[in-house]
Amino acid sequence: MTDIAGTDGPAFRLDMTSDAAKRRIRKRYAAEARFKAYGLAALAVTTLFVAALVFDIIRNGIPAFTQHSLMMDVAVPADFVPADKRSNPVAIRSADYFPVTRDALKAAIPGIQSRQGERTLVRLLSSGAADELRDRLVADPGLIGKTVRVPLLLSDDADLYFKGSGTPIIKRNGVGTATPSGTTGEITILTSSNDFAAEVVAIKQAAKAKADTLAIEAARLATFGGQSLAPRIAEINAEIAELRARVDSPKVEEVLDGKLPSKLVEINGGLVKLTRLTDISVAGEVLLPLTSAAEAKPGNWRVVTYATPESNRKVSDLEIGYLERLREKGFVENRFNTRFFTAGDSREPELAGIRGALIGSLLTLAVTLVLCVPIGVLAAVYLEEFAAKNRLTDIIEVNINNLAAVPSIVFGLLGLAVFLNFFNFPRSAPLVGGLVLALLVLPTIIIAARAALKAVPPSIKEAALGVGASHQQAVFHHVLPLAMPGIMTGTIIGMAHALGETAPLLMIGMVAFIVDVPGALTDAATVLPVQIYLWSDLPEQAFKLKTAGAIMVLLGFLFLMNGAAIYLRKKFERRW
Amino acid sequence: MDMSQQTMTAARPATGPASVTAKVVARDVNVHYGEKHALKDVNIDIPDKGVTAFIGPSGCGKSTFLRCINRMNDTIPVCRVTGKITIDNQDIYDPALDVVQLRARVGMVFQKPNPFPKSIYENVAYGPRLHGIARSKADLDQIVEMSLKRASIWDEVKNRLQESGTALSGGQQQRLCIARAIAVSPDVILMDEPCSALDPIATAKIEELIDELAKNFCIIIVTHSMQQAARVSQRTAFFHLGLLLEEGETNQMFTNPKHEKTQAYITGRFG
Ligand SMILES: Nc1ncnc2c1ncn2[C@@H]1O[C@H](COP(=O)(O)OP(=O)(O)O)[C@@H](O)[C@H]1O
Ligand SMILES: [Mg+2]
């Protein structure tokens, strides 16, 4: 160890052994460990958020990519389309498919007599159920007069039921011998054992629980006092008294309503929905007709519970009865939902697709790209390489940077004022959307392009100048090509930004409900994020799935674009 | 060092008196970078065919003067050049003169090797193609081969002409840059500390190459190495604080400097 200060003056020595030195080292280690822990914690939190988000979206979105239909043999009558018109696709298209599909469905579940039952059955199908059949017949008119095996699309509620949003179903075998009084309509069933005691007890318990909660509610209301609440309290007290009476008198038969879990009996190939029950006898309504009124031995009949009360679900007991029957018979198929990618928007969730929005996004982005890249790159090259450095260029530069930070909705207002109101461009058109997004993305691209140009070492330009290239030649032969990967990365990121942009497009009317897939830049259209916004606002549960599915598609594109940007950056990364 | 210095300078006599074939003539050249007066009243005659070395402490204006000769300073907005520089009696600051053509006549090799990030072939072919020197692909091939041979790098790269120029070693890159410069057949080649980023072996190769090129070109080289100046040049100019203090035959300058600052500098007492 050398004495820095020399012979006179204090000795500044590097001290590595004293306690103070050891403390210093420990402190440094502790600080480093702390920093590492903070970093890890921050990373963990972000990862957690991202993972939760992705997981939730995927969990919700995956079911949107499949759809349930009924694979059925549909008999197409010979007179469905008159023989002389079969060569005309329009005639085949405009034929009435409803009776054909209805008949196929009725054949699948025979014996339904009531009009209401029939209507419920037919409503299980989507209004677009026959679309596939229609396409088949148009493609091959020879199928008319034959039986065709096609999938008939189920309605959104039926589809959701099969996707698990219905109710848990509990079945247990009957203990006694059950005797139904008939095969259709209102019937009673007697059993030789007290098969329904448990149900009666459960109902009484539910009634008791309800009475108790009502009592609490009445007490709460009573504390407020006041005359206005008195009738309500009296009403509640009457209900409590009624419930208590029901609980206390064991012999009275219990009435099942939609607020309690549904009870049904499967017997003799039929299904009976119970309305009133005692320990040993039940009365109910036949949902699926029985084959006979013969008595059923123990084990040959079942008590079925739909655990979710009917009033709390979208599908009625009758619908569940039909759907379960269709499933048992093997008609139900879950298939990849191609329609999601080939159809435009629709009011019916099961018919709605993202194609319109996708094409709209594509057209919009095409306009944006075509405008942004040349303008952005030329502006960047000019500013970076040719423009004199003076006040004016300084102001322009500052304002380009400011523009990149302007809230996107402002661009929408600008587009509305300039393109729609002044230039009278059509509303909701990808052309206008593209123009607005171009304004939005332009600063990003200019900034990225300038950064990329600046990153090219000046020695390259000097080399070109040195062999007698003009300034412009040096820029266009050497600097710009070398900056291109950076410019492309910036462009892709800008485009990804544009793809996810919603607010400015709302301002120029791209938020309309548009069924047709746009075919031109001036057609009314919407874009993917706006479609997501539209769907997320609709009340139907099935649209929630669609929303998540569309988000997955959008995120897929965004990941793809960002992946491409990263790939370009990695591939063309240079060390000078 | 002294030994080799003497043998080398002895082995390479000056091509002739400067006045006879003055290629580059500078009269009262002043350069300002904004407020900074970087070069003051420089007057010099540089002969054709042979090597002239500019030496002097760092920041004295060697590079600045060198960059005046191909008007590379034009690219620096704050730089202002006054005075007169002629090449072959033509005023290179004449407004009627096309600066791009001037730069084709005055090649430049930079301190740090700066090949284009393109193939070796493209590096050399760029200049000739730009100036339409080659009429056909065969011509171009020939120019590329000739230039690479004259830059004595042909044997090392002839089998990999399509590989990137940046994949070569530092010394090879610098020789490639020299090949690129001579591919457009310039009259003058400027070299700004061409060996400062290279190891001794690569340096030796470049010096050998400069020797060889000096037979055909007017070479002006900036160097911070006295030994290098002594080894490769026939004439030397000593710059100090923006002034050209002394200029003459290298032999004479190193053995018998006129100016005490020169004496101090070449004996390593400052710099
Ligand atoms: N682009 C520039 N802008 C401003 N001043 C410069 C610039 N280039 C060089 N100078 C100044 O001019 C003087 C001479 O520089 P230079 O010619 O590079 O010296 P050297 O002899 O080391 O090559 C230095 O003082 C330097 O600070
Ligand atoms: Mg220098």
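The values are calculated or read from the model by the stated rules, or taken from the named source; none is laboratory data. Fair warning: this is a prediction, and the values are worked out from it, not measured in the lab. Quick reminder, even Gly has a Cβ in these numbers, built from the backbone with ideal geometry, and neighbours come from all protein chains shown. Areas reflect the complete protein model, heavy atoms only, side chains present, ligands, DNA and RNA absent. Shrake-Rupley method; radii C 1.70, N 1.55, O 1.52, S 1.80 Å.
Okay, here's what the table says:
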read-out: Accessible area in the full protein assembly, largest first, 1.4 Å probe, for A:Arg246, B:Arg80; value: B:Arg80, A:Arg246
read-out: Amide proton proximity set for A:Gly182, modelled H, under 5 Å, gap of 5+; value: A:Thr188
read-out: Highest to lowest packing among A:524-535, A:69-80, A:135-146, scored as the average C-beta count within 10 Å; value: A:524-535, A:69-80, A:135-146
read-out: For chain A, accessible area per residue (1.4 Å probe, heavy atoms of protein chains only), Å²; value: 52 Å²
read-out: Accessible surface of the protein assembly as shown [probe 1.4 Å, protein heavy atoms]: carbon and sulfur percent; value: 58 percent
read-out: Delta accessible area of at least 30 Å² on complex formation, residues of segment A:452-478, 1.4 Å probe, chain isolated as reference; value: A:Ser459, A:Ile460, A:Glu462, A:Ala463, A:Leu465, A:Gly466, A:Val467, A:Gly468, A:His477, A:His478
read-out: Accessible area, probe 1.4 Å, largest first, for residues A:Asp257, B:Asp155; value: B:Asp155, A:Asp257
read-out: Buried accessible area, chains A and B (both chains, 1.4 Å probe, Å² to nearest 100); value: 1600 Å²
read-out: Rounded accessible area per residue of segment B:55-158, 1.4 Å, Å²; value: 44 Å²
read-out: Inter-centroid distance (Cα atoms) of segment B:88-136 relative to segment A:254-314, Å; value: 96 Å
read-out: FRET efficiency, B:Lys158 to B:Asp199 (Cβ-Cβ, R0 22 Å, nearest 0.05); value: 0.40
read-out: Using distinct alpha-carbon pairs, which all enter the 1/r mean, Kirkwood radius of chain B in Å; value: 19.0 Å
read-out: Stokes-Einstein diffusion coefficient of the protein assembly as shown, Kirkwood radius over Cα pairs, 20 °C, 1.002 mPa s, in µm²/s; value: 58 µm²/s
read-out: Per residue, the convex hull volume that the Cα atoms of segment B:130-271 enclose (Å³); value: 130 Å³
read-out: Square roots of five times the Cα gyration tensor eigenvalues for segment A:107-197, Å; value: 39, 18, 12
read-out: C-alpha center-to-center spacing [segment B:194-215, segment A:98-150] in angstrom; value: 90 Å
read-out: Reachable aspartates and glutamates from A:Lys329, criterion Cα separation under 14 angstrom, eight or more residues apart if same chain; value: A:Asp73
read-out: Cα point-scatterer Debye curve for segment A:349-572, base-10 log of I(q)/I(0) at q = 0.10 Å⁻¹; value: -0.52
read-out: Kyte-Doolittle mean at least 0.5, axial Cα span of 30 Å or more - DSSP H helices of chain A; value: A:197-224, A:355-381, A:430-455, A:541-572
read-out: Within-13-Å neighbourhood charge of A:Val175 [Cβ basis; K, R +1; D, E -1]; value: 0
read-out: Reach of A:Lys36 by Cα under 27 Å, taken over lysines that are not fewer than 8 positions away in the same chain; value: A:Lys22, A:Lys27
read-out: Euclidean distance between Cα centres, segment A:185-221 to segment A:319-335, Å; value: 31 Å
read-out: Of B:Lys49/B:Lys84; A:Lys163/A:Lys204; A:Lys546/A:Lys570; A:Lys210/A:Lys273; A:Lys208/A:Lys263, pairs whose Cα-Cα distance is over 25 Å; value: A:Lys163/A:Lys204; A:Lys546/A:Lys570
